[in-house]
Amino acid sequence: METWLESSIQWLLLALALPKVGLSAIFLVSLVSATLLPMGSEPAVFAYVKMAPDMFWPAMLVAAAGNTLGGMITYGLGEAAEKAYRRWHEKHGHLPESQAGLRHKAGGRWHAQISRWSHRVGPPILFFAWLPVVGDPLCAVAGWMRLSFWPCVFYMAVGKFLRYVALTGGLLWVFPHA
């Protein structure tokens, strides 16, 4: 028996498969795939460009815009999580001795190392926000570390745009008659 989530996802994919929605479907699929949800937008972009080759550049721009907006949302989620953690830490910073290890684990050595590294590299690290598996968490970590928002958006957008152009162009070259 299908769950509500599975049937909702199936309905959404069927609705987006309609040819009349075109670029809006590319935007929505690209946006959703840039959040922490496990979904890829590349097959949808490739299929759309195969159906409408004259729409290559508009599709690249729309996909990059949707994917960048999704990255911005993930950045915001990371920033909100950091604020919630800071409020929790202010409220519970005086933990009894039996729970003192929790405080060490929540911040700890890794937090300090990641903080130093992300501030040293800065927003340019978000050029790699397009990478599978690590790209979405990079956006969340940038928000958590409060890296400058607009430079982060710029690097995200450039990386994501170049990824769509390279991947879709490469697929069109490898599968010209698919």
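The values are calculated or read from the model by the stated rules, or taken from the named source; none is laboratory data. Owing to the predicted nature of the structure, the values given are computational and were not obtained by experimental measurement. Here Cβ is always computed from backbone atoms with ideal geometry, including for glycine, and neighbour counts include all displayed protein chains.
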Whether any residue in the stretch 84-104 is within 22 Å of the chain's Cα centre (by Cα), modelled with pLDDT of 80 or more and not hydrophobic (A, V, I, L, M, F, W, C) is what I want to check.
yes
Checked the stretch 21-66 for anything in a helix (DSSP H, G or I) and of a type in the set (Ser, Thr, Tyr); matches are Ser24, Ser30, Ser33, Tyr48
From the set of residues in the stretch 1-47 that are at pLDDT 70 or above and acidic (Asp, Glu), which is farthest from the chain's Cα centre (by Cα)?
Glu6
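Could you please find all residues in the stretch 151-177 being among the β-branched types (Val, Ile, Thr) and in contact (Cβ under 8 Å) with a residue 24 or more places away in the chain?
Val153, Val158, Val165, Thr168
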